[in-house]
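These notes concern the structure reproduced below.
Laboratory data are not the source of any read-out in this text; all were calculated from the coordinates shown. Keep in mind the model is a prediction, meaning the values are calculated, not measured. Please note: Cβ atoms are built from the backbone with ideal geometry, for glycine as well, and neighbour counts cover all protein chains shown.
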Amino acid sequence: PEELHPLVEKKDSDRLLLSGNEAIAMGALAAGCRYFAAYPICPATEIWHWLALRFPEYNGLVVQTEDELAALNMALGASYAGARAMTSTSGPGASLMMEAFSLSGMAEIPVVVAHVQRAGPSTGMPTKTEQADLNQWIYGSHGDFPRIVLSPGTIEECFEFTVKAFNLADRYQCPVILLTEQDFGQNLRTMKKLNLARITVDRGKLLSQDKLEEIRDYRRYRFTPDGVSWRALPGMKGGIHMVESNEHDEHGYRDEDPENRIRMMQKRMKKLESAAKDLIPPKVWGNKESQIGIVSVGSTFGPIQEALTQLKKTGNEAKFLQMRTLWPFPRKEVEKFLESCKEIYVVENNFSGQLSHLIRSQVQVPFKAQKILKYSSQAFRPRDISA
């Protein structure tokens with residue numbers, strides 16, 4: 001009772017205590033996801049556990065599959081049938097998903113994958129943190145096709161980006177990856193109470209039966225200016241079409257004609273250009289006038305924010321570019337930040353500096369960055385950065 005504890009403060013009474021995995025699961029439920037297929041794997045399994053307890057109340061289904069290849073394929077099947085569908089995994093499981101990942105690109109089926117990174121390679125250290133799987137989803141799979149890779153840096157963003165991921169997947173009919181790490185995937189942090197009134201569900205060009213009946217010549221893969229075609233669901237009158245993994249024409253039938261191949265490739269890749277306006281841009285923190293710049297992604301957000309405070313106390317103010325969409329790469333925003341700095345530090349939890357290499361491969365301005373790397377399986381501390 002409060003009368004027995006008069007000194008107890010209630011400053012956090014309007015906050016929630018959640019892990020990143022729980023926030024992702026909550027975001028999936030709020031976004032209208034009703035089908036989740038996954039194989040248990042650390043450190044992503046809490047997403048599955050949370051949904052398994054709550055999905056039945058909302059007419060949802062959670063399926064434990066025999067492996068990760070089956071998990072993503074089953075999620076694609078559910079999405080093809082009209083459900084918002086999702087899976088989750090970590091490094092070894094993601095490797096098994098690459099074939100189905102490519103199928104999503106070729107068949108233009110929306111799906112969301114939550115990837116919670118752990119220390120590798122191979123089994124590695126399943127319950128320890130790392131940021132060494134950036135290349136896996138940006139460059140992984142076979143062939144060229146559009147994919148969107150988002151990386152939240154806070155518990156709030158885990159929730160918000162999950163909702164955004166489902167909208168982007170439907171709007172551009174492509175796979176969307178939520179790339180987080182064990183550090184805040186499994187660890188608890190506080191966040192503000194969720195504002196569910198702000199959530200919107202956008203199914204993109206998903207046809208209703210009435211809208212489909214207005215289209216006399218329905219083509220599932222019709223060439224369009226934005227690269228996105230109207231989508232009918234199985235069983236809809238007048239919406240019959242083929243869906244498979246081979247190259248196809250506008251109706252979905254196999255077609256290996258070179259001219260058709262060129263047009264289809266251009267159609268699919270056009271989505272990345274069309275999606276640019278809807279992606280989550282990088283965010284600049286700290287003293288925006290400083291010429292000392294820090295660039296990072298994901299759960300390093302907290303330690304870097306505290307490092308900025310430590311640097312300010314010593315008279316060495318800096319600014320921080322938080323990368324939130326990794327692919328398509330936000331070239332203009334990153335170039336603007338790099339050009340405003342004399343000193344640049346890229347902070348990341350891996351040995352090879354994957355984020356640094358990604359930036360270097362995508363920007364068209366010269367820059368010289370110093371890497372601050374940590375690959376001990378432990379998360380960054382503020383002094384690792386400010387020192």
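Summary table below
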quantity	calculated
Per-pair calculated FRET efficiency, R0 = 51 Å: Lys288 and Leu17 via Cβ, rounded to 0.05	0.95
Cβ-defined net charge surrounding Ala275, 10 Å radius [Lys, Arg +1; Asp, Glu -1]	+1
Normalised per residue, the volume of the convex hull around the Cα set of segment 184-233 (Å³)	175
Most fluctuating residue given options Tyr39, Tyr345, Tyr58, as computed from a GNM of the chain linking Cα atoms under 10 Å	Tyr58
Mean projection area, nm², convex hull over Cα of segment 256-387	10.0
Rg/Rh (Cα only; Kirkwood hydrodynamic radius) as it applies to segment 179-271	1.17
Extension gain (nm, one decimal) between Val365 and Glu99, 0.36 nm per residue minus Cα-Cα	92.3 nm
Over the chain: helical MRE at 222 nm, DSSP H runs n ≥ 4 each giving -39500 (n - 2.57), nearest 500	-10500 deg cm²/dmol
Across Lys313/Lys368; Lys164/Lys277; Lys164/Lys193; Lys271/Lys332; Lys271/Lys342; Lys288/Lys312, pairs whose alpha-carbon gap is larger than 24 Å	Lys313/Lys368; Lys271/Lys342
Rg(Cα) / (2.2 N^0.38 Å) computed for segment 115-156, rounded to two decimals	1.35
Tail weight of P(r) past 12 Å, computed on alpha-carbon pairs of segment 330-387, percent	68
Relative contact order of the chain, defined on C-alpha pairs under 8 angstrom at six or more residues apart (%)	16
Principal semi-axes in Å for segment 1-150 [√(5λ), Cα gyration tensor, largest first]	32, 20, 13
Rg ratio (alpha-carbon, reference 2.2 N^0.38 Å) - segment 298-344	1.30
Longest to shortest principal axis, alpha-carbon extents of segment 133-291, angstrom	54, 36, 33
Projected-area mean, the chain, by convex hull of Cα positions, square nanometres	22.6
Label-to-label distance, nm, for residues given as Asn187 and Ser208 (7 Å Cα→Cβ offset)	4.8
Residue among Met269, Met191, Met236 with the largest mean-square fluctuation in a Gaussian network model of the chain, springs linking Cα atoms under 10 Å	Met236
Charge tally in the Cβ shell below 14 Å around Val347, where Lys, Arg are +1 and Asp, Glu are -1, Val347 excluded	-2
Highest-MSF residue in the chain out of Ser361, Ser90, Ser151 [GNM, Cα springs under 10 Å]	Ser361
Label-reachable residues, segment 56-99, where backbone N falls under 18 Å from a point 7 Å from Phe351's Cα toward its Cβ	91-92
